[in-house]
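Have a look at the structure below before the remarks.
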Amino acid sequence: MGIKMLVVDDSAFMRRIISNIAEDIDGLEVIGIARDGLDALEKIPKLKPDVITLDIEMPKLNGIETLKKIKEDYDIPVIMVSSRSDADIIIEALQIGAYDFIEKPVDINANLASIREELSSKILSLFKSKDIKKKVKATRCQKKDCSTIKAVAIAASTGGPKALVYLISRLPDEIKVPIFIVQHMPSGFTTSLALRMDNESKIKVVEAKDKMTIQKNCVYLAPGDYHMELQNGKIHLNTGEKVHGVRPAADFLFDTAAEIYKENLLGIVLTGMGKDGTLGMETIKKYNGYNIAQSEESCVVYGMPGSAVAHGVVDEILDLEGISDKLNRLIGVK
C-alpha cells in the first residue's frame, strides 16, 4: 500500500479532480473523501490517512477551523487547496501548521498537468525526506565563527513561512544590516507573507520592488515569480528562466549578495524541498562569508538544508531558536 490520502472539499468537481490526479501519481492512494470539515474529522480516525488535502471555503466547518482541530489531535501533514484570493488565509494556515498549499488555477482543466506535478512533488518529497536525512546526518561542518556581518541572505521553501515569521518577529527593534529573503511562493502570497511578518515584527518588512534602494534595518522579501538580485546598492527583479523549477530562486540572491558583501555576508538556508541555495552558498564560501543551515529536527523538509550540508558549504547547523539567537547577536545594534 502506498501513501494514503484523504481529500476534503465541498465541491464534488474538485474532489473528483484531486482524486483523479492523485490516483495517477505512483505511490499515492486516495482512501477516502470528505465533503466538509466535520465529515473529515469523523473519517480521519477510521481511515488513518498519511496526508490530507483540505479546501479553505467549506460549510459547517471551514478549512482553518478544521486544520486547527486536526493539528490538535493528529500529526498528519495537511496540504491546503486555495485560490489566489485566499492568500491571507493561506499564510494563517501555514502559521497554524499546514505542511504546504496548492493554488487552484482559474482554468483547472487546462492546468491539470501542473497541478499533478505540484501535488506529486510536495507529497512525495515529504515522505522521501527521511532518506535525505540519513544521507546527510554524518556530514560534518566547520565550526569557525563569523566576522562582522553587513548583510543577511535567507532561503526558504516548504515550511518556510512559519520559520521566517519566527525569526523575523524575534529581531530587535534596530538592526545594523539589511536582510534579504527568498521564499518559494507564488505572486500574491508573498505580499501577504510580507505583511504578516511586518505586523509581527519590530522592524520594517517589505515585499521588494525593482530598483528599490537597499537600507539597513529593513527586511526585503522577494516577490513571487521574480528573481531578486542586488547591484549598485539597489534591488533588481527579473523574470528570467526558473532555476530548480522555482522563481524566485535563492541562488541568484546569494550569488549577487556574495559579490557585494564578500566575507561580511551571512547566508541561511531554512526548511524546504529541493536544493536551491546550495550553489549560492558555495559562492558565499568562495568569498569567505558564513553559512548556517537549519537542523533536520526543526525542519518540515530537510531537502534544501540537507543539500547544502552534503555539499560541504555549511559552517554551522542550528535549530530555529539557535539561528534566531545567533542572528540577533550578530546584527543587533548594541
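Worth a mention:
- So I31, is it farther than 30 Å from S187 by Cβ, outside any helix (DSSP H, G or I) and modelled with pLDDT of 90 or more: yes
- G267 being surrounded by fewer than 24 Cβ atoms within 10 Å (Cβ to Cβ) and outside any helix (DSSP H, G or I): no
- Test: residue in the stretch 30-44 that is closer than 28 Å to G306 by Cβ, in contact with a helix residue (DSSP H, G or I) (Cβ under 9 Å, 6 or more places away or on another chain) and not assigned by TED's automatic domain parsing to the domain that holds G306: no
- The stretch 28-47: number of residues that are under 21 Å from L61 (Cα atoms) and surrounded by 13 or more Cβ atoms within 10 Å (Cβ to Cβ): 13
- Of all residues making up the stretch 84-118, the number that are assigned to a loop (DSSP other than H, G, I, E, B) and either in the same structural domain as G224 (by TED's automatic domain parsing) or surrounded by fewer than 16 Cβ atoms within 10 Å (Cβ to Cβ) (or both): 4
- Taken across the stretch 165-177, residues that are among the charged types (D, E, K, R), modelled with pLDDT of 95 or more and assigned to a loop (DSSP other than H, G, I, E, B) do occur, with at least one present.
- Answer residue from the stretch 271-288, given it is small (G, A, S) and at pLDDT 95 or above and is farthest from K202 (Cα to Cα) among those: G280
- When we screen E241, E297 for residues that are outside any helix (DSSP H, G or I), assigned by TED's automatic domain parsing to the domain that holds A156, out of contact with any Phe, Trp or Tyr (no Cβ under 9 Å at 6 or more places or on another chain) and without any contact (Cβ under 8 Å) to a residue 24 or more places away in the chain, the only hit is E241.
- Across the stretch 178-199, the number of residues qualifying as assigned to a loop (DSSP other than H, G, I, E, B) and within 18 Å of V269 (Cα to Cα) comes to 2.
- Residue within the stretch 205-217 that is closer than 24 Å to Q95 by Cβ, in contact (Cβ under 8 Å) with a residue 40 or more places away in the chain, touching a strand residue (DSSP E or B) at 6+ places or on another chain (Cβ under 6 Å) and part of a loop (DSSP other than H, G, I, E, B) present: no
- Some residue of the stretch 5-27 being surrounded by 18 or more Cβ atoms within 10 Å (Cβ to Cβ), out of contact with any Lys or Arg (no Cβ under 7 Å at 6 or more places or on another chain) and within 30 Å of M197 (Cα to Cα): yes
- In this structure, A249 does not satisfy being more than 17 Å from the chain's Cα centre (by Cα) and either assigned by TED's automatic domain parsing to the domain that holds G312 or crowded, with 24+ Cβ neighbours inside 10 Å (or both).
Residue by residue, here is whether (1) in a loop (DSSP other than H, G, I, E, B); (2) surrounded by fewer than 20 Cβ atoms within 10 Å (Cβ to Cβ); (3) over 17 Å from the mean Cα position of the chain (by Cα) holds:
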| residue | (1), (2), (3) |
| --- | --- |
| G272 | yes, no, no |
| V301 | yes, no, no |
| A308 | no, no, no |
| G312 | yes, yes, yes |
| L327 | no, no, yes |
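- Residue within the stretch 259-280 that is of a type outside the set (S, T, N, Q), in contact (Cβ under 8 Å) with a residue 60 or more places away in the chain and touching a Leu at 6+ places or on another chain (Cβ under 6 Å) present: yes
- Check on I70, under 17 Å from P186 (Cα atoms) and either among the polar types (S, T, N, Q) or assigned to a helix (DSSP H, G or I) (or both): no
- Scanning the stretch 218-228 for residues that are part of a strand (DSSP E or B) and free of Cβ contacts under 8 Å to residues at least 40 places away in the same chain turns up just one, H227.
- In the stretch 1-28, residue farthest from L94 (Cα to Cα) [restricted to those that are in a helix (DSSP H, G or I) and among the basic types (K, R)]: R16
The values are calculated or read from the model by the stated rules, or taken from the named source; none is laboratory data. The structure displayed is predicted, hence computed values, not measured ones. So basically every Cβ, Gly included, is an ideal-geometry build from the backbone, and we count neighbours across all protein chains shown.
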